[in-house]
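Here the structure comes first, spelled out in structure tokens, and everything after it is commentary.
The values are calculated or read from the model by the stated rules, or taken from the named source; none is laboratory data. Keep in mind the model is a prediction, meaning the values are calculated, not measured. For neighbour counting, all protein chains shown are included, and Cβ atoms are generated from backbone atoms with ideal geometry for every residue, glycine included.
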Amino acid sequence: MTTTSDLTGKVAFVTGGTRGIGLETVRSLAKLGATVIIGARDPQKGNEIAQQFKQDGFNVESIKIDVNVHQDNVAAYQYLDENYGKLDILINNAGVLLDQENVSIEVVNRTSTLSSAILRDTFDANFFAQIDLTQILLPLIRKSDAGRIVNLSSILGSLSLHADPASPIYGMKTFAYNASKAALNAFTIHLAAELRDTTIKVNSIHPGWVRTRLGGGAADIDEVEGSRTSILAATLPEDGPTGSFFFEENALPW
Ligand SMILES: NC(=O)c1ccc[n+]([C@@H]2O[C@H](COP(=O)([O-])OP(=O)(O)OC[C@H]3O[C@@H](n4cnc5c(N)ncnc54)[C@H](OP(=O)(O)O)[C@@H]3O)[C@@H](O)[C@H]2O)c1
């Protein structure tokens, strides 16, 4: 896949942009010339990070957003509309992995006893919030000449791989997380189909197994490498894929 390497004039919004993969995605987009708005749950932290980027010569701002809060998502629309009148790149990066809360890390497959609270909280953040925010921002993305929506899914959302006892992720049955990412993948497919006659591309990506708070210290790659597939999907050319699921340049099974 060839990608667009100059994002001058583009406006990008990254949720969960104050740490982990999101922060490195902000940095990469800013280095490519985009104006980047950090979505920060903690507004003070967001402003400090944006200030540092500005001092380094980048166009980075921050707004307060908890994607679970509908009013925050509406406020993000208002901010982007008033300041830019369009949105070129939406990175739905915010996400949670709650399956292992209060349980030993060795205990993975507890599908039969998983609490509905963990299931609901996970779906709120990883599925319902992403849809709410995307639906709210879509009128602004339609005003872009080449809108790109990037949904941070996970290989753990692949139903095909989870059904295959020979697959490398077969043993990683964190049910709430996995099901929420599979549902997010369904959103990608459905929205991409609805928008297929537009210039907007909607894709799900797996960032790799990344050393972040969510990925843990034993993961394969650092956050810089972990942001690469988000950037790839954000900079797809006109003839690039939509309604796809990939890691780096490799398609993943749904
Ligand atoms: N790390 C991996 O190996 C891996 C693998 C596959 C997929 N992913 C996906 O990649 C994305 C980023 O993960 P990461 O590894 O960078 O995780 P992380 O370091 O834990 O960062 C998660 C980010 O999401 C934000 N967030 C969580 N809930 C939010 C909410 N309700 N509203 C707004 N922001 C919220 C967090 O904000 P606070 O700082 O305020 O908590 C944080 O900035 C996630 O969607 C994750 O599922 C990660």
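Considering the range 209-228, the residues that are touching an Asp or Glu at 6+ places or on another chain (Cβ under 6 Å) and free of Cβ contacts under 8 Å to residues at least 60 places away in the same chain include one that is farthest from the ligand (Cβ to nearest atom), namely 211. Consider residue 20 carefully, then state whether it is modelled with pLDDT of 95 or more and surrounded by fewer than 18 Cβ atoms within 10 Å (Cβ to Cβ). Criteria not met by residue 20. Looking only at residues of the range 229-246 that are part of a helix (DSSP H, G or I) and touching a residue at least 60 places away in the same chain (Cβ under 8 Å), we find that the one that is farthest from the chain's Cα centre (by Cα) is 232. Taking the listed residues 44, 52, the one that is away from the ligand (no atom under 13 Å from the Cβ), of a type outside the set (A, V, I, L, M, F, W, C) and not in a loop (DSSP other than H, G, I, E, B) is 52, with no other qualifying.
Being touching a residue at least 12 places away in the same chain (Cβ under 8 Å), among the hydroxyl-bearing types (Ser, Thr, Tyr) and touching a strand residue (DSSP E or B) at 6+ places or on another chain (Cβ under 8 Å) is true of residue 158. I'd like to check something: does the range 4-12 contain any residue that is surrounded by 14 or more Cβ atoms within 10 Å (Cβ to Cβ), away from the ligand (no atom under 16 Å from the Cβ) and modelled with pLDDT under 95? Yes, the range 4-12 contains at least one residue that is surrounded by 14 or more Cβ atoms within 10 Å (Cβ to Cβ), away from the ligand (no atom under 16 Å from the Cβ) and modelled with pLDDT under 95.
Within the range 7-20, residues that are without any contact (Cβ under 8 Å) to a residue 60 or more places away in the chain and within 14 Å of residue 50 (Cβ to Cβ) reach partners that are part of a strand (DSSP E or B) and more than 6 Å from the ligand (Cβ to nearest atom) with beta carbons closer than 6 Å, at six or more positions or on different chains, in the pairs 18/40.
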